């Protein structure tokens, strides 16, 4: 049973009679011809049972001859009992040594595979740069796995000059991912690059994410939150965007197409204007909690189930159901459908329809010059004050900003 690289020995089959003899041997500190009759009588073994039990215990390493190399003859001289730990160490010593050798070999091979993968991943930026020059029309590239994504993202961020836009859904982020991103983000901010990030409201209640956000804000980043945000997205200098590929691939799409980039930037800016600055404290927590409940009302009115609501808002299913229960009690509703109908009738689902300013309507509309409407009594609004008096003026201003300039400006925007 000392083979170093053979199959693992089978588990010893020890019946009750064999175990009784082992216990007797431990209690009487061994077996021998002088005590054989007494041991057989007290354990209930006959001659055949005695021989089989001693042979099984010796084979399992639980009995050893008193002499150094005496034969294991059940009818011969005495044996001493061995502890299970010592017996197991003797039986498995060769197997464990062989496993340690194999594990060392596997570690070495795994390190070699990782080094080779890192080598090829590090070549992705050079490949993409050459591909962009050779085929400018290839506006979207697939980064097949997280290693390629990390290499290209690191290279792209190192060459960023103006601004990075980030949208990250979820109520909390893995501590390992935060630790990996923090030095890169702080280095970016130290170079004077502007960083704007959109998180979900629920990140304010996750301590690691909150500490991470506060560190970035202290270094100059701008972070705002919404009940819901876009899927994960990173836009660098308005010229490259990283979008998630299929979830199972852990890869990303690298987007350079100007029209698609313009769309992503417009959607980000829309959400940015509606978002609230990332702040903490009891008052901020209360306001965020109220906003979450109002958002849940909107989604209830749309007929979404608790699982979908929790996933969209980045909260646990348990928290979502607690909010739903509180809303049902507040509205006096007996069902989710009735709660949505009551909320619609009372106008409680319209809170996201139009931004309202936080203070008096002192500034005029940036588009038409009309006075801005004062906020409704008792309402709370986070984020920047409204700049337009209506959705129509906001749309006109947006179209004006996005209108192509004549001649050189038009060529530059479509290049």
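The values are calculated or read from the model by the stated rules, or taken from the named source; none is laboratory data. Just so it is clear, the structure is predicted and the values come from calculations on it, not from any experiment. Glycine also receives a Cβ, built like all others from the backbone with ideal geometry; neighbour counts cover every protein chain displayed.
Couple of notes before you dig in:
- Any hit, the range 316-327, residues being surrounded by 14 or more Cβ atoms within 10 Å (Cβ to Cβ), within 14 Å of residue 205 (Cβ to Cβ) and touching a strand residue (DSSP E or B) at 6+ places or on another chain (Cβ under 8 Å): no
- Filter pass, residue 178 being surrounded by 20 or more Cβ atoms within 10 Å (Cβ to Cβ), within 24 Å of residue 249 (Cβ to Cβ) and not assigned by TED's automatic domain parsing to the domain that holds residue 292: no
Residues are listed down the side, and each one gets a yes or a no for (1) modelled with pLDDT under 80; (2) within 23 Å of residue 167 (Cβ to Cβ); (3) in the same structural domain as residue 198 (by TED's automatic domain parsing); (4) in a helix (DSSP H, G or I):
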| residue | (1), (2), (3), (4) |
| --- | --- |
| 289 | yes, yes, no, yes |
| 308 | no, yes, no, yes |
| 312 | no, yes, no, yes |
| 330 | yes, no, no, yes |
| 333 | yes, no, no, no |
| 337 | yes, no, no, yes |
| 345 | yes, no, no, yes |
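- Residues of the range 371-382 include none that is within 30 Å of residue 168 (Cβ to Cβ), at pLDDT 65 or above and either touching a helix residue (DSSP H, G or I) at 6+ places or on another chain (Cβ under 8 Å) or assigned to a loop (DSSP other than H, G, I, E, B) (or both).
- In the range 203-212, the residue that is nearest to the chain's Cα centre (by Cα) out of those that are surrounded by 21 or more Cβ atoms within 10 Å (Cβ to Cβ) and closer than 12 Å to residue 279 by Cα is 203.
- Identity of the residue in the range 239-257, outside any strand (DSSP E or B) and surrounded by 15 or more Cβ atoms within 10 Å (Cβ to Cβ), that ends up modelled with the lowest pLDDT: 250
- Residue match in the range 300-308 (condition: crowded, with 21+ Cβ neighbours inside 10 Å and without any contact (Cβ under 8 Å) to a residue 40 or more places away in the chain): no
- Test: residue in the range 217-232 that is part of a loop (DSSP other than H, G, I, E, B), outside the structural domain of residue 289 (by TED's automatic domain parsing), buried (at least 20 other Cβ atoms within 10 Å of the Cβ) and touching a residue at least 60 places away in the same chain (Cβ under 8 Å): yes
Yes/no matrix, rows are residues, columns are (1) closer than 30 Å to residue 278 by Cα; (2) crowded, with 16+ Cβ neighbours inside 10 Å; (3) modelled with pLDDT under 85:
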residue	(1), (2), (3)
113	no, no, yes
152	yes, yes, yes
183	yes, no, no
188	yes, yes, no
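- Among the conditions (1) at pLDDT below 90; (2) more than 24 Å from residue 296 (Cα to Cα), residue 227 misses just one, which is (2).
- Those residues of the range 140-150 which are part of a helix (DSSP H, G or I) and either modelled with pLDDT under 80 or over 18 Å from residue 185 (Cα atoms) (or both), in sequence order: 146, 147, 148
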